[in-house]
Amino acid sequence: MRREARALSARREAIIAVIRSWLTEHGVGPTVRELGARVGLSSTSSVAHQLAQLEKRGVIGRTGRDWSTCYLVTPEPPRRGLRSR
């Protein structure tokens, strides 16, 4: 049984927008503190929690241990044609 994908909250959408623009400007992801300052979260723990939830949902990934190595995961386009059973 497939689970319906829920829409992201406004805060998580803002985090994704900041990551997208930061990657474009700097070539690497923002630190937790930089991200928190841009979205209005002063607690680094709450920023890390939001990032972990986004990573768990497959919206972002990271190449290293630090969140500054994060990248946006592009969804695969839906396949067309015959489906196997």
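The values are calculated or read from the model by the stated rules, or taken from the named source; none is laboratory data. Treat the numbers as computed from the prediction; the structure is a model and nothing was measured. Ideal geometry is used to build each Cβ from the backbone, glycine not excepted, and the neighbour counts take in all protein chains shown.
Descriptive notes on the structure:
- Pairs with Cβ under 7 Å, 6+ apart, first in the range 5-23 and among the basic types (Lys, Arg), second not in a helix (DSSP H, G or I): 20/72
- Members of the range 42-54 that are of a type outside the set (Ser, Thr, Tyr) and touching a residue at least 12 places away in the same chain (Cβ under 8 Å): 47, 48, 50, 51, 53, 54
- Set 68, 46, 84: member being modelled with pLDDT of 95 or more and of a type in the set (S, T, N, Q): 46
- Residues within the range 27-37 that are closer than 22 Å to residue 73 by Cβ and free of Cβ contacts under 8 Å to residues at least 24 places away in the same chain, tallied: 3
- Restricting the range 17-61 to residues that are of a type in the set (Ser, Thr, Tyr) and assigned to a loop (DSSP other than H, G, I, E, B), the residue that is surrounded by the most Cβ atoms within 10 Å (Cβ to Cβ) is 31.
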